[in-house]
Amino acid sequence: MNDDKHNMTSSRPYLLRALSEWINENHLTPFIVVDVASDQVIVPRQFVENGKIVLNISPFAVRDLNIDNETLFFSARFSGKPMNVSVPVSSVLAIYAKENGQGMVFTDEPNAAPPENPTPPSGGSKKPALKLIK
């Protein structure tokens with residue numbers, strides 16, 4: 001069999017859903033790190049630092065969290081103003097528990113099939129770094 005014909009979809013949305021559930025079930029706070037380079041990323045831009053934003057996706061911080069195979073979506077308040085947040089799953093760089101830093105940093109998946117609505121590359125080949133913000 002030819003391995004080139006067996007490309008799989010990205011594991012990232014499945015891992016995001018599983019890790020979010022795992023963090024919540026352990027009574028911790030799931031945070032995600034998002035690369036905001038794509039035009040498809042809809043987040044409060046006033047909180048973006050160095051092209052990234054850290055978002056709390058716990059059930060206490062957001063409403064209607066939905067992580068499908070292409071998009072992470074929720075409603076939340078930022079500085080008292082309601083906003084719908086929409087992030088392509090491919091733009092999520094990491095998910096971790098705020099309290100202890102346990103989680104996962106995502107890397108590119110070379111054998112994954114491209115998303116239906118590909119986002120342009122962010123320009124650099126820097127690996128994402130996870131920084132704990134207290």
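The values are calculated or read from the model by the stated rules, or taken from the named source; none is laboratory data. Quantities reported herein were computed from a predicted structural model and do not represent experimental measurements. Glycine also receives a Cβ, built like all others from the backbone with ideal geometry; neighbour counts cover every protein chain displayed.
Can you pull out the residues in region 30-77 that are of a type in the set (F, W, Y), surrounded by 12 or more Cβ atoms within 10 Å (Cβ to Cβ) and free of Cβ contacts under 8 Å to residues at least 40 places away in the same chain? Answer for region 30-77, where residues must be of a type in the set (F, W, Y), surrounded by 12 or more Cβ atoms within 10 Å (Cβ to Cβ) and free of Cβ contacts under 8 Å to residues at least 40 places away in the same chain: F47, F73, F74.
Against the test of being closer than 16 Å to N69 by Cα and hydrophobic (A, V, I, L, M, F, W, C), the options L28, L15 yield a single qualifying residue, L15.
When S10, S20 are checked against the criterion of being surrounded by 19 or more Cβ atoms within 10 Å (Cβ to Cβ) and modelled with pLDDT under 95, S10 stands alone in meeting it. Output yes when any residue across region 47-57 is under 17 Å from M104 (Cβ atoms), in a helix (DSSP H, G or I) and either touching a helix residue (DSSP H, G or I) at 6+ places or on another chain (Cβ under 6 Å) or not basic (K, R) (or both), and no when none is. No: region 47-57 contains no residue that is under 17 Å from M104 (Cβ atoms), in a helix (DSSP H, G or I) and either touching a helix residue (DSSP H, G or I) at 6+ places or on another chain (Cβ under 6 Å) or not basic (K, R) (or both). Applying the set (1) among the acidic types (D, E); (2) under 23 Å from A97 (Cβ atoms); (3) part of a loop (DSSP other than H, G, I, E, B) to D39 leaves exactly one unmet item: (2).
Could you go through region 101-114 and let me know if any residue there is on the phi > 0 side of the Ramachandran plot, outside any strand (DSSP E or B) and either in contact with an Asp or Glu (Cβ under 8 Å, 6 or more places away or on another chain) or at pLDDT 95 or above (or both). Yes - at least one qualifying residue is present in region 101-114.
Residues that are under 18 Å from L16 (Cα atoms) and either assigned to a loop (DSSP other than H, G, I, E, B) or polar (S, T, N, Q) (or both) within region 61-83 comprise A61, V62, N66, D68, N69, E70, T71, S75, listed in sequence order.
Among the criteria (1) among the aliphatic types (A, V, I, L, M); (2) assigned to a strand (DSSP E or B); (3) more than 19 Å from Q102 (Cα to Cα), the one I32 does not fulfil is (3).
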